[in-house]
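Here is the structure we will look at.
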Amino acid sequence: MMAYSVCILGMGVLMSVRHSLLALLSAGPMHGYGLKTEFEAATGDIWPLNVGQVYTTLGRLERDGLVTAGTDADGQKVYEITEAGRGELGRWFETPVPREVIPRQEMAIKLVFAMRSAVADVAAVVQRQRVATVRALQDITRLKAAAESSGDMAGLMMLDGLVFQAEAEARWLDMCQARLARENIAAGTARRHSEIPAEQAVERSS
Amino acid sequence: MALLDMDRAGRVFGSGHLRVVALDDVSLRVSAGEFVAVMGPSGSGKSTLLRLAGGLDRPTSGRILLSGRDLAGLDEAGLAEALRREIGFVLQEANLLASLTAAENLALALELAGVRPKAAMAAARGLLDSLGLGAAGGRFPGQLSGGEQQRVAIARAVAGGRSLLLADEPTGALDALTGESVMSLLRQRCAAGCAVILATHNVRHAAWADRVVFLADGRVAGETGPPAGPECLLGTGQVR
């Protein structure tokens, strides 16, 4: 898979290295370093993994009886998945990933404080973010076209995920912009009404 | 020279207290091979912009140049001729003629542009083949899926080597994957040198463009500019 060095919009990736390694080992025994490179290739280098993290995780998997470690002809450590490991992997695939109830998102926080701050032009903050989000979306879409032409189905589906997340943000910002515009119109109308002399206003309401 | 040059174009409807400014001082240059998306809420001026760009309506201020020629300087016949030769439209509905096959729909467009019937039919089949729609050629619109119909409509819009394709929500009624195949075809036409202006609400589809222009209340409210390239995206994903 080609490199997608694109993890954008601070997607909070709650991802299990443990289960990913078990998934790779379910295809056959592997060395620790091979697992690292396979993991990175499979995820298009979006989630770089340091080799220390791989060995720490393998150590825990071995402790928990999910993998066993042996040595190959060159004396290198080779890891193999156990039956318990296969069971654990099966449960991972069967269980939906929990959604964070309220992901802490910098843009949401920025928006909250822009509303409270006298310095920020909130509509401009929203518009700038919208442009940035759409630009990021353009870049992901270009990567998708590349993945499509190389027939990389796993990469395509991963990029689709990023596309829909960015789309959600863009649509949310559209909604914010529409709300701000409506609020402005309402405020403008209220101002105009308050400019009408009192006796005239009474006349109108009667 | 830009293929399309909208120079401070404006369009006002009505007058007095009924005056509506649909488009206000909008400048947009589009070059051959470029894909520009225009986004904005309903009433922001997207369709007005497309109608002006396509010569279906005239600006009340500013100029529209197509290949360097001011559309305002053309008489009705000259304008019709320029539009037929250079501009293709794709709308939300494919609007293919139901009594003609897909290939015949394309051939008719070519015949209207002055190509002889036999050559038109051969060119129509060639174009459908090149777009991966060869199998659809002999079928009637009613026998095609929505996505196929829309792709045939795009083929018809670019038939005869038209240089500017104007698309107004061409994916409105299609599912996500089919909509994407339509975008992919538009992208392909740009690679072949055609310029595309796409008006859409859908940010996923707009992202297929080289540039995205945002309209609000008839004015340009922002633009993504030329693509930054994926290397500019930050790697913030964390592995736990």
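Some points to look at:
- Cα Rg, Dmax, region B:156-215, angstrom units: 11.2, 31
- Scalar couplings 3J(HN,Hα) for region A:121-130, obtained by applying the Karplus form with A = 6.51, B = -1.76, C = 1.60 to θ = phi - 60°, are 8, 4, 4, 5, 4, 5, 5, 4, 5, 5 Hz; x denotes Gly and Pro.
- Distances between placed amide hydrogens fall under 5 Å for B:S67 paired with B:L4, B:D5, all partners being 5 or more residues away or on another chain.
- Per the Kirkwood formula applied to alpha carbons, region B:125-173 shows a radius of gyration over Rh ratio, Rg over Rh, of 0.96.
- Amide H contacts of B:C194 (H built 1.01 Å from N, under 5 Å, at least 5 apart or other chain): B:G33
- In region A:17-94, the inverse of the mean reciprocal separation of distinct Cα atoms equals 12.5 Å; this is its Kirkwood hydrodynamic radius.
- For B:E223, the amide hydrogen comes within under 5 Å of the amide hydrogens of B:F214, counting only partners 5 or more places away or on other chains and with H modelled in the peptide plane.
- Taking every residue in A:139-148 and counting other chain Cβ atoms within 10 Å of its Cβ, the average works out to 4.
- For the protein assembly as shown, the Cβ-based charge dipole about the Cα centre amounts to some 720 debye (Lys, Arg positive; Asp, Glu negative; other atoms uncharged).
- Under the Karplus curve 6.51 cos²θ - 1.76 cosθ + 1.60, θ = phi - 60°, whole-Hz ³J(HN,Hα) for region A:28-34, x wherever Gly or Pro sits: x, x, 8, 7, x, 5, x
- Directionally averaged projected area (convex hull, Cα atoms, region B:48-202), nm²: 9.4
- Relative contact order (%) - chain B, alpha-carbon pairs under 8 angstrom, separation at least six: 28
- Annotation: region B:92-141 has a Kirkwood hydrodynamic radius of 10.8 angstrom, from the mean reciprocal C-alpha pair distance.
- Pair B:R29, B:E81: separation of 7 Å Cα→Cβ label points (nm): 2.8
- Proximal charge balance of B:R204 [Cβ under 9 Å; K/R count +1, D/E count -1]: -2
- In this structure, A:F93 and B:L177 have a Cβ-Cβ separation that, at R0 = 22 Å, corresponds to a calculated FRET efficiency of about 0.40.
- Cα-Cα pairs of the protein assembly as shown separated by more than 41 Å (percent): 35
- The mean count of C-beta atoms from other chains within 10 Å of the C-beta of residues in B:202-212, rounded to a whole number, is 6.
- For region A:106-200, the fraction of alpha-carbon pairs lying more than 20 Å apart is 54 percent, rounded to a whole number.
- A simple count of charges around A:D121, restricted to other residues whose Cβ falls under 13 Å of its Cβ and scoring Lys, Arg +1 and Asp, Glu -1, yields +2.
Values quoted throughout were computed directly from the atomic coordinates according to the rules given, and no laboratory measurement underlies them. Because the structure is a prediction, the values reported are computed rather than measured. All Cβ positions, glycine included, derive from the backbone under ideal geometry; neighbour counts span all protein chains shown.
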